[in-house]
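Worksheet: one structure, shown below.
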Amino acid sequence: MSTEKEHTEDRGGALADLVVLDLTRILSGPFATMTLADLGADVIKVEQPGRGDDTRQWGPPFQGEEAAYFLSVNRNKRSLAVDLKSPEGLAAVRQLALKADVLVENFRPGTAARLGLGYEELSVRNPGLVYASISGYGQTGPDAHRPGYDAIAQARSGIMSVTGEAGGPPVRVGVSSADLTAGMWATIGILAAVHEKGRTGRGQWVDISLLDGSVSWLTYVSSGYFASGNVPRRYGSAHPTIVPYQAFATADGFTMVAVGNDGLWRRFTKALDREDLTQDARFASNPDRVAHRDTLVPLIEGIMLTRTTDEWVEALDLAGVPVGPIQTVDQALADPQVLARGMVATVQHPTEGELRMVGCPVRLSRTPAEVRAAPPLLGQHTEDILAGLGFDESRIASLRKDGAVQ
């Protein structure tokens, strides 16, 4: 059985001295704790015996016996399968919480406290604990008690109201943006609290909500509303304040063009062999082009249909105009730039063999993030983790017999 010191040395990384107790499931919390694990933290994932994280059953697709969804956000962690309804199992998790540097949970507000795992109780005995809660609506406010779901946060935040084609219905973002945004904000909040703890020795409670995180994404959309009073609308792939800045169909696919200033506009029209458009007063400046987008965009659409995507990418790249092909997921994951940046990683899973996954985008020069280990089997590390708490073999065997752990 590995010791805590040996496990730290195996990990390395910027956060190798942090022990994170992960009481999360589904996506937002596991995404946050996976990021901490990629950066070197020892993340102990607590799961229900026999079932584990809900996403272990979310499929197809599966890789062998493992759900692809679960595999996507749980690498580099150790799994402790323990029944929180068992007094002895719950006591073991409390012991871990009192030793941990960070605890992350995404129960509905009030649930952790009822289990004796709330911030107020744990911080009395572990004052340095950085405790992060991720929920649908946060720990305060009239809707704090309501369950949170990604699609509902996207809807309530206004994100869906500006996503989709003009004149079409609101559309959910193609990935679970509210969950992932909350996970990113949780990671940022945790790291800020850990940094502040270095000065004061005291932890604090990090309160993250899916709704707050999605509202934060409104940025210039909300600022435009505050400035003008005009309710933002949907533009499809286009930009509300920059033209042309959108997807265009080509002879064989689609490409994205981003003409972000008047200098790029001149380069763009030259590449299109339509420099006359530059001389047209209706299109002279970006505000002019925004005002006359309904006239300009159809002109460009007709021109873009005359060449293939590859031909336009080559021509616009040569002209210095930002451009990129709209790739399918398989194309994106085979993109030479994506591969060169290590954004497709491979690890060996204990039962399913070679496992490919998206890498960590954080680049640190001295202590790089690392995809070290495959997502764990349910309860794969139960014995080692309990042994680290001082449980002997007979006690662990007794807990297994009683169903308190797996």
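Just a few scattered comments:
- For region 1-109, the solvent-accessible area with a 1.4 angstrom probe is 38 square angstrom per residue.
- Once backbone amide H atoms are built at 1.01 Å from N, Leu103 has Leu21, Val130, Tyr131, Ala132 as its partners under 5 Å, excluding neighbours fewer than 5 places away on the same chain.
- Largest-first principal axis extents, alpha carbons of region 316-406, Å: 72, 30, 19
- Rounded to the nearest 0.05, the FRET efficiency derived from the C-beta distance between Lys99 and Asp392 at R0 = 22 Å is 0.75.
- The residue list Thr111, Val20, Ala397 was ranked by how far each Cα lies along the charge dipole of the chain toward its positive end, using unit charges on Cβ atoms, and Thr111 comes out on top.
- Taking the chain as a Gaussian network of alpha-carbon nodes connected by springs under 10 Å, the highest mean-square fluctuation of the residues Ala97, Ala37, Ala144 belongs to Ala144.
- Compactness of region 257-353 - radius of gyration and Dmax, Cα, Å: 18.8, 66
- Remark: region 394-405, residue by residue, has Karplus-estimated 3J(HN,Hα) of 5, 5, 5, 4, 5, 5, 5, 4, 7, x, 6, 9 Hz, where x stands for each Gly or Pro and the curve is 6.51 cos²θ - 1.76 cosθ + 1.60 at θ = phi - 60°.
- Fraction in percent of alpha-carbon pairs per bin - 10 Å, region 274-315: 27, 45, 27, 0
- For region 162-321, the per residue solvent-accessible surface stands at 54 Å², with DNA, RNA and ligands left out and a 1.4 Å probe.
- Couplings 3J(HN,Hα) for region 345-350, derived from phi with the Karplus relation 6.51 cos²θ - 1.76 cosθ + 1.60 (θ = phi - 60°), are 10, 10, 9, 9, 7, x Hz, where x marks Gly and Pro.
- Inter-label distance, Leu339 to Val358: 1.9 nm, where each label sits 7 Å from its Cα along the C-beta direction.
- GNM result for the chain, Cα springs below 10 Å: residue of Leu191, Leu180, Leu36 fluctuating most strongly: Leu191
- Cα gyration tensor shape for region 1-122, rounded if a/c is under 1.5, else prolate or oblate: oblate
- Taking only protein heavy atoms and a 1.4 Å probe, the accessible area of the chain is 54% carbon and sulfur.
- Taking θ as phi - 60° and the Karplus parameters 6.51, -1.76 and 1.60, the scalar couplings of region 57-67 work out to 9, 7, x, x, x, 10, 10, x, 8, 9, 5 Hz in sequence order, x denoting glycine and proline.
- Put a dot 7 Å past the Cα of Arg108, heading toward its Cβ, do the same for Asp402, and the two dots end up 2.8 nm apart.
- Where only C-alpha atoms are counted, convex hull volume of the chain per residue in Å³: 174
- Sites matching trypsin sites (Lys or Arg not before Pro) across region 245-336 that sit in DSSP coil, with at most 16 neighbouring C-beta atoms within 10 Å: Arg274
- Amide H partners (placed H, <5 Å) of Gly148, local residues excluded: Gly136
- Within region 167-216, the trypsin sites (Lys or Arg not before Pro) that combine a DSSP coil assignment with at most 15 other C-beta atoms in a 10 angstrom radius are Arg202.
- The longest stretch of the chain left intact once loop-based GluC sites (Glu not before Pro) with at most 13 other Cβ atoms within 10 Å are removed from consideration, loops following DSSP, is 276-406.
- For Val43, distant residues with modelled amide H under 5 Å away: Val20, Arg78
- Solvent-accessible ranking of Val162, Val104, Val358, largest area first, probe 1.4 Å: Val358, Val162, Val104
- Scattering profile of region 125-236 at q = 0.14 Å⁻¹ [log10 I(q)/I(0), Debye over alpha-carbon scatterers]: -0.65
The values are calculated or read from the model by the stated rules, or taken from the named source; none is laboratory data. Not measured: the values here are computed from a predicted model. In this analysis, Cβ positions are derived from the backbone assuming ideal geometry, glycine residues included, and neighbour counts consider all displayed protein chains. Just the protein is used for accessible areas: all its heavy atoms, side chains included, with ligands, DNA and RNA removed. Shrake-Rupley method; radii C 1.70, N 1.55, O 1.52, S 1.80 Å.
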